[in-house]
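Below: one structure, written as structure tokens.
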Amino acid sequence: MAMEVGFLGLGIMGKAMATNLLRNGFKVTVWNRTLSKCDELVEHGASIGETPAAVAKKCKCIIAMLSDPSAALSVVFDKDGVLEEICHGKGYIDMSTVDADTSLKISEAIISKGGHFLEAPVSGSKKPAEDGQLVILAAGEKALYEEAILAFNVLGKKSFFLGQVGNGAKMKLVVNMIMGSMMNAFSEGLVLAGNSGLDPHTLLDVLDLGAIANPMFKLKGPTMIQSSYSPAFPLKHQQKDMRLALALGDENAVSMPVAAAANEAFKKARSLGLGDLDFSAVHETVKDLHYPS
Amino acid sequence: MTALALVKSHYSHQLSSTAMAMCSSFCPQIPNQLRARPICPFPPKPLFTLSVNAFSSQTSNASAKADGLSARIGFLGLGIMGSPMAQNLIKAGCDVTVWNRTKSKCDPLISLGAKYKSSPQEVAVSCDVTFAMLADPESAVEVACGKHGAASGLSSGKGYVDVSTVDGATAKLISGHVRATGASFLEAPVSGSKKPAEDGQLIFLTAGDKSLYEMAAPLLDVMGKSRFYLGDVGNGAAMKLVVNMIMGSMMASFSEGLLLSEKVGLDPSVLVEIVSQGAISAPMYSTKGPSMIQSLYPTAFPLKHQQKDLRLALGLAESVSQPTPMAAAANELYKVAKSGGLSDQDFSAVIEALKAKLQNPAK
């Protein structure tokens, strides 16, 4: 049974995800702000929707994968946006990483038009997206979640249903907050190792044997040592996530000094023009702090 | 600096040909004083056919005839780490003499067959290689260089292996005192806490006298799963401090995540599960997450030692003019936890420092 879905947003993640759906027998109608990005998907069998509204009109279920709250809101609320065509029976699954308020706002609008809503941000970047190995953090309408499982099983290795709208968004932000702090801590360690006359590659070997071994260090360590930052997860998005996580902490009076320190490093990296590089490029900021004595 | 890493995990039931070759090549070079019993000519069958990991189930028939394993071994410091490490050496059939500041801690080792001497000096006098596993720089210096310290008993042909975690300056200080006696010195701090120590799965980050490293290698292999030789004294300390600096920051960040998730209405154990599925999945999170959620912190690595390591790492960073804002922020949290009475809890108790009301859990 081929499910027909709409797919809005063909960036680093969306392109890989839409391709996976096409390869697994889904009929997909795509839209991207820069329409030319749709061409490659068309080669894999996708149809094109000229606007988000056109996609929503055609498809019973629409998946969105946008880069930030502003883009996520835009495809829903703007002229020719999804909301113009949402009606009873249609489902909207927003897999963008946004703050809980943005997600709630979209959810309310979709539901008010008779539609069904699920937020489903993902944990995992480019390669897991390509390999269908994402971890999906869904929340919202359980019935829509159950319908979406077929698609989620193609896109990811594991899905969680976390309850009411907002919970998926929050969970994603917490995970990425830890990740951003870990990346900074790792970077500080690599720099200190180098400054102390140790071989950073040896540090990687030692880390890989112990209790703090993890795939991110293993994968990114060697490229960081080479100052190579081909974007799997753009730094500007990581900083956005840290900022949103800190805001969540602010709202709830939760103490987060380590995350705050990490955010400062990502901000600095953005100001140095590193926003479009992989988030591991924060390493350049950490290195930059060292003034040789 | 290249590191020699020999990982035993993938040959737990046989030794690699590399190790066997090392065994037969260093034997003739070891000075006579380091041999407890003559082992040359080399026995015809390979020495290391015994399963290194299965030593705990071996009887004293595990005739450890290789050089390091046949030496008289001293062990100073029988705390959380030293006690299981010394036990593993005894179970491997080694001749072990122990000392601890609180004598009663020696009793379990004595009942396993260890000998006892009443001062580090006497231990060093009666042994070929003496290990030291102390809690901090002050104790390490005291035991090595203090009154009736190890240095007073060391002499040419003997070795001193300090597996305590200290700063580079302390390591060099101890090294100087040891080498002044004619003995060899190796710093060898470990990565790994209580359970890896018990299981013989430690990672040794050594530096100093290469000849002592080679001689001690079979002993390190009894206590650990891999070892690195990092060059000059100070490099072992630096590597250990860098690793624990990252670890301390990671634990603090993880704590922030657990608390935030709970505060915003999520289930922190689901967070732990989600983390375990992704790119940031680390054994430490899966091991400690569940107990942290219960506000339980069974001590595998005391919080006071983690804070000591962060303090020393910050010192190292300062000495090379490197700002480390993450480590500095994390260090403040451990300090808060210490002042809240959590020094002897596991370092995961740092999560309490983030809570509105710091709780000292009932012991």
Problem set entry | Inter-chain Cβ neighbour average for residues B:231-237, partner chain, 10 Å | 2
For this session: Pull out the extension gain between B:LYS335 and B:ALA180, defined as 0.36 nm times the separation in residues minus the alpha carbon to alpha carbon distance; nm, one decimal.
Result: 52.1 nm
Exercise. With a 10 Å Cβ neighbour count serving as the proxy for reagent exposure, in which order, fewest first, do B:PHE185, B:PHE131, A:PHE77 appear?
Worked result: A:PHE77, B:PHE185, B:PHE131
Problem set entry | Alpha-carbon centroid distance for the pair region A:154-200 / region B:328-346, whole angstrom | 23
Seminar exercise, completed: Taking R0 as 60 Å and r as the Cβ-Cβ distance between B:SER118 and A:ASP250, the FRET efficiency 1/(1 + (r/R0)^6), rounded to the nearest 0.05, comes to 0.55
Exercise. Taking 0.36 nm per residue of separation and subtracting the Cα-Cα distance, what length does fully extending A:LYS79 through A:ILE149 add?
Worked result: 22.1 nm
Exercise. How large is ³J(HN,Hα) for each residue in region B:340-350, as worked out from phi by the Karplus curve 6.51 cos²θ - 1.76 cosθ + 1.60 (θ = phi - 60°), to whole Hz, x for Gly and Pro?
Worked result: x, x, 9, 3, 9, 6, 4, 4, 5, 5, 4
Seminar exercise, completed: The answer for GluC sites (Glu not before Pro) in region B:100-186 that fall in a DSSP coil and have at most 12 neighbouring Cβ atoms within 10 Å is none
Problem set entry | Number of partner chain Cβ atoms within 10 Å, mean per residue of A:200-206 | 5
Exercise. What nm distance separates the two modelled labels at A:ILE111 and A:ASP131, each placed 7 Å from Cα along Cα→Cβ?
Worked result: 3.7
Seminar exercise, completed: Honestly region B:169-246 on the Cα gyration tensor test (a ≥ b ≥ c root eigenvalues; a/c under 1.5 rounded, otherwise a/b vs b/c for prolate or oblate) is just oblate
Problem set entry | Size of charge dipole - the protein assembly as shown - debye, nearest 20, with Cβ of Lys, Arg +1 and Asp, Glu -1, no other charges | 1460
Seminar exercise, completed: In this structure, the FRET efficiency calculated for B:GLU273 and A:ASP208 from their beta-carbon separation, with R0 = 22 Å, to the nearest 0.05, is 0.45
For this session: Rounded to whole Å and ordered largest first, report the semi-axes of the equivalent ellipsoid of the protein assembly as shown derived from its Cα gyration tensor (root of 5λ).
Result: 55, 24, 22
For this session: Name the residue farthest towards the positive end of the dipole of region B:239-359 from the options B:LEU342, B:LEU296, B:GLN277, assuming +1 on Cβ of Lys and Arg, -1 on Cβ of Asp and Glu, about the Cα centre.
Result: B:LEU342
Exercise. How far, in nm, would the chain grow between B:GLU138 and B:THR102 when pulled straight, counting 0.36 nm per residue and subtracting the alpha carbon separation?
Worked result: 11.3 nm
Problem set entry | Residue-averaged beta-carbon neighbours from other chains (10 angstrom radius) around B:198-209 | 1
Exercise. Given a Förster radius of 41 Å and the C-beta distance between A:ALA260 and A:SER227 as r, what FRET efficiency does 1/(1 + (r/R0)^6) yield to the nearest 0.05?
Worked result: 0.95
Exercise. Along region B:175-182, what does the Karplus equation 6.51 cos²θ - 1.76 cosθ + 1.60 (θ = phi - 60°) give for ³J(HN,Hα), rounded to whole Hz, x for Gly and Pro?
Worked result: 4, x, 4, 5, 5, 4, 7, x
Problem set entry | For region A:170-290, Kirkwood radius (reciprocal of mean inverse C-alpha pair distance, Å) | 14.5
For this session: Scan around A:LEU10 for amide H atoms under 5 Å from its own, H built in the peptide plane at 1.01 Å from N, and keep only partners 5 or more places away or cross-chain.
Result: A:ARG33
Exercise. According to the square roots a ≥ b ≥ c of the eigenvalues of the Cα gyration tensor, what is the shape class of region A:4-163, taking rounded for a/c under 1.5, prolate for a/b larger than b/c otherwise, and oblate for the remainder?
Worked result: rounded
Exercise. Across region A:218-225, in residue order, what do the Karplus-derived ³J(HN,Hα) couplings come to in whole Hz, using 6.51 cos²θ - 1.76 cosθ + 1.60 with θ = phi - 60° and x for Gly and Pro?
Worked result: 5, 6, 8, x, x, 6, 5, 4
For this session: Between A:LYS218 and A:ASP288, with labels modelled 7 Å along Cα→Cβ, what's the label distance in nm to one decimal, could you check?
Result: 3.2
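Just so you know, all these numbers are worked out from the coordinates, no wet-lab data involved. In this text, all values refer to a predicted model and were calculated from it rather than measured experimentally. Methodologically, a virtual Cβ is constructed for each residue, glycine included, from the backbone with ideal geometry; neighbour enumeration extends over all protein chains shown.
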